[in-house]
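Shown next, in structure tokens, is the structure this report addresses.
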Amino acid sequence: MIDAKDLAEKTLRREDKFEGKILNVHVDEVLLPNGKTATREVVDHVDGVAVLALDERNNVLTVTQYRYVFGRTLLEIPAGKLDPGEDPVTGALRELKEETGAVPDIFLPLGRIIPAPGCYGEVLHLFLAKGLHMEEQHLDPDEFLNVERIPFEEMVHRCLNGEIEDAKTVAAVLKAKVQLDL
């Protein structure tokens with residue numbers, strides 16, 4: 001077995017390919033632990049937040065929105081990207097209110113996930129919100145979504161049977177199921 005520190009790859013050369021508003025793409029040549037070289041294609045994306053919001057009846061506030069990359073709508077928990085320098089708690093509360101209008105009394109961390117470590121440099125901070133007070137939504141000008149309340153146990157079932165494919169939603173629902181014994 002190789003020691004973890006000996007698994008590190010050293011960047012030899014980087015070539016920037018694209019700079020966007022929320023992501024940058026570069027191709028790196030790296031030195032492998034065995035002395036050979038390889039190419040790594042990397043997407044650096046701003047970090048994000050996602051919130052599993054439960055109402056007084058243990059329903060999950062979900063959003064359905066069209067995801068252009070997949071050419072269809074997906075059922076997800078409220079989520080979004082962090083603004084530069086923004087604290088994950090602040091960003092998550094902002095995204096929850098913008099997308100659903102919900103403001104929680106209780107707000108707990110569910111941990112972090114790395115959605116696609118093979119090429120995608122993003123960390124998602126997951127949270128649980130309870131004791132919801134509903135206010136007005138404040139969607140971004142280019143954001144179109146439907147909010148729905150789905151029983152928590154149904155969300156667990158949909159995650160386990162593959163009906164819900166969104167990684168952040170699956171992770172948050174299953175983490176809440178295990179950590180909170182819901």
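With a cut-off of 17 Å, note down the residues of the range 37-67 whose backbone N falls inside the zone around a label point 7 Å from the Cα of LEU174 toward its beta carbon. Once the point is set 7 Å along Cα→Cβ of LEU174, 52 turn out to lie under 17 Å by backbone N, inside the range 37-67.
Measure up LYS81/LYS175; LYS81/LYS130; LYS21/LYS175; LYS17/LYS175; LYS21/LYS97; LYS21/LYS168 against 29 Å on the Cα-Cα distance and list the ones that go over.
In this structure, LYS21/LYS175; LYS17/LYS175 exceed 29 Å between Cα atoms.
Work through the residues other than ASP105 whose Cβ is under 15 Å from its Cβ and net out their charges, Lys, Arg +1 and Asp, Glu -1.
Values: positive: LYS97, LYS130; negative: ASP55, GLU56, GLU135.
Around ASP105, the charge tally is -1.
Identify which of the listed values of volume of the Cα convex hull per residue in Å³ was calculated from the structure shown: (1) 140; (2) 159; (3) 104. Computed from the coordinates, volume of the Cα convex hull per residue in Å³ corresponds to (2). Under the criterion of Cα pairs below 8 Å and six or more residues apart, the relative contact order for the chain equals 22 percent. Summarising the amide proton neighbourhood of ALA53: residues at separation of 5 or more, or on other chains, whose placed amide H is nearer than 5 Å comprise LEU61, ALA129. Only helical runs count toward this figure. For the chain, summing -39,500 (n - 2.57) over DSSP H runs of n ≥ 4 and dividing by all residues gives -6000 deg cm²/dmol at 222 nm.
Using a 10 Å cut-off on Cβ atoms, rank the peptides 152-158, 166-172, 14-20, 37-43 from the highest mean neighbour count down.
Numbers: 152-158: 17.1, 166-172: 21.3, 14-20: 10.4, 37-43: 13.0.
In decreasing order of mean packing, 152-158, 166-172, 14-20, 37-43 become 166-172, 152-158, 37-43, 14-20.
Here the Debye sum runs over all C-alpha atoms of the range 4-45 as equal scatterers in vacuum, and log10 of I(q)/I(0) at q = 0.30, 0.32, 0.33 Å⁻¹ comes out as -0.96, -1.03, -1.06. LYS36: which lysines have alpha carbons under 19 Å from its alpha carbon, excluding same-chain residues fewer than 8 sequence positions away? Hits, sequence-local ones excluded: LYS5, LYS10.
Excluding GLU95 itself, what net charge comes from residues whose Cβ is under 12 Å from its Cβ, given Lys and Arg +1 and Asp and Glu -1? If you can, show how the numbers build up before the last one.
Values: positive: LYS81, ARG94, LYS97, LYS168; negative: GLU76, ASP83, GLU86, GLU98, GLU99, ASP140, GLU143.
Local net charge: -3.
Loop-located chymotrypsin sites (Phe, Trp or Tyr not before Pro) in the range 60-96 (DSSP state other than H, G, I, E, B) with a sparse environment of at most 11 neighbouring Cβ atoms within 10 Å: TYR68, PHE70.
Centre-to-centre separation between the Cα atoms of the range 145-182 and those of the range 58-105: 14 Å.
Which percent of the Cα-Cα distances in the range 104-161 go past 15 Å? All intermediate terms of the calculation are to be shown ahead of the outcome.
On the way: 1214 of 1653 pairs.
For the range 104-161, the fraction of Cα-Cα distances above 15 Å is 73 percent.
Coordinate-derived values only; no laboratory data. No experiment lies behind these values; they were computed from the predicted model shown. We place every Cβ from the backbone using ideal geometry, glycine too, and count neighbours over all the protein chains shown.
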